[in-house]
Structures are given as structure tokens and as C-alpha cells.
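Take a look at the structure set out below.
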Amino acid sequence: MIMAFASMAASFAATVAPAAELPQPGVVTIRTGMLSAELQRAHLWNLQRLRYRGVEMAAPTGAYGTVISIPAIGGWVGTGHTQGGVEVIEEVTLTVDGEDVPLEDGAAYACERAVLHKVSMLDKVRLEAEYVFENETITERVTLTATEDVTVTTVYPFMHCVTADTTEWLAITWDNQEMRGEFSGSKKLDLHEQLQWTAANLPDHETVFLLRHLTRPEDTSVLTGYWDQDRYHKLYVSMPPDGEVWEQGRSLEAHVVVTCFHASPDVWRQTACQKAMELVAE
């Protein structure tokens, strides 16, 4: 099933708030093997750039992280989106190879394993996020919990601004059906049900971006797909609420892993299938 949300996506983009409403800029870089990631304070310590072997695979051209829509407060809240208010961080820590390290502007850490842990509030919804950097992968896990009864109409637990220089994508569903497509600047957001993983190819640099779901919720719909824009091919994971009102204590969890790898254009699909098979939950 494919769902196009061009008009919704356009209004979503329009809600990114001026920088003055968000924290001051600050960048921390984490490198695991040949994969380098930037975390930005102004985007509430979410990812904002990924490079593999020096090639930019995800750019700071939009918001990453988790965002939800709460109509009672005006709409989107979370990461760089502030129509409904600013995400409020209660706790954020970074450990590198078992040592606590500061989140200071300009800091750069090369590691075997680094863990960013963050607890914040999106109005009446508590967000607990963990990002684990190791073996040239980033494992991302989020839990959203209502602290009071609240109406939530849209949930994007993960967003990644894949470079607009990628030319085509591949995906495999949980029942092992293949899907593929080309990027054309269509301005459409096409979300697909039941994707196990998806990859986007950058043939000019023989490099591929890949995201794999690590859990398959039995009672929650999960949609995955790209927003095909000129400035990025933004990869969304969406978990539409089965009911708009979240009662106090209700939780939603999501778990993915992201990586990049080298592959020549003639074998990138085969290589992506192999890499996806290797990315399994711990």
C-alpha cells in the first residue's frame, strides 16, 4: 500500500521554527569506523549529518529525530519542529567506550561504542531516546509515553535527511517482497506498509544508505518511505495512532538501525540485501 501526502508534507515543512526558538548552535561529532555522525544542540542533540568515508550521505537540510502532532497545542512538537512548542530536554548524556564525556561544541570522538541517551518532553508525551554508535552502524530506539491523557494525531519516531544526490531506492517487506523506485523530485511523500528495510543509492560515490527495522510491532501499523524533494530525499518512519486519544501511561516503541556502505552501481542491490541480513537486533 502506498500513501501520498504531498499537501500534508508541505505544511509539515512550513512548521520548522526560527533558530531563535531553539537552543544555541553546538556540534559534536562521533566516528565509528568510516561512519561519522554529527549531533546538534540546536536540534535537541539529534543527528544532523552522516558521512561515510568522507561522503555526505545525510545532510543538515531538515529535521531528524522524533516529532509528533498534538492539535491542542498547535501541531508539531519535537526536534527542530516547534509549531506546538519546543521539545524540553530533561536529561541527556553521552558515553564513549564506557566513559562519560561532555556534549561540548566542537568535541569529536572516535570510538568503538558510544551511547547517547536522552529524556525529554513533547508537551504531555515523554520521549526516551537512545542512539548507539558502533561497528559503522547507528542503532536508534525511542519510547513515547503519555504522562496525561492527550490527543496525538501523527507520530514520526524517525526522520533522516538522505542526500538529494541519491538516485534510486530499494526495499524489502517483512514477507520478502521487493519494492524499488527512482527519485525524480516529485515532491511526494510515499509511505509503504510493512517494510523490513530500505536503502538509497548514491552511484557517483558508490555509496549506499540503509535503514532496517529491528522490531515488527504486532498491534501497530508502521509506514516507511521517502519524501522526494530537491533538497533531500527524506526518509520517514511513521506509526499512525490507532486512536487519537492517548490515555495516561500509554507507550509506543520503535527500533531501527542505520548504516552506510560501499557498493559499485552494478551490485548495490545485492550488497544491500546482504548488509540488511547482517543487521539484526542484539
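A few comments on the model shown:
- Of the GluC sites (Glu not before Pro) in segment 208-272, those whose Cβ has at most 16 other Cβ within 10 Å and which sit in DSSP loop: E218, E244, E247
- Estimated Rh, the chain: Kirkwood, alpha-carbon pairs, angstrom: 18.9 Å
- Modelled this way, with points 7 Å down the Cα-to-C-beta line, the labels at R126 and E253 are 1.5 nm from one another.
- Using the Cβ-Cβ distance between E193 and E134 with R0 set to 35 Å, the FRET efficiency from 1/(1 + (r/R0)^6) comes to roughly 0.70.
- Paramagnetic reach from D97 in segment 24-59 [backbone N under 18 Å; point 7 Å along Cα→Cβ]: 29-37
- Estimated vicinal HN-Hα couplings, Hz - segment 229-236 in sequence order (Karplus 6.51, -1.76, 1.60; Gly, Pro = x): 10, 5, 8, 6, 10, 6, 9, 10
- Per residue, the convex hull around the alpha carbon atoms of segment 138-282 comes to 115 Å³.
- Computed from the C-beta positions of A107 and H262 and an R0 of 35 Å, the FRET efficiency is 0.80 to the nearest 0.05.
- Segments 267-275, 115-123 sorted - mean Cβ within 10 Å per residue, highest first: 115-123, 267-275
Laboratory data are not the source of any read-out in this text; all were calculated from the coordinates shown. Since the model is a prediction, treat every value here as computed from it, not as a measurement. Cβ: placed from backbone, ideal geometry, glycine included. Neighbour counts: every protein chain shown.
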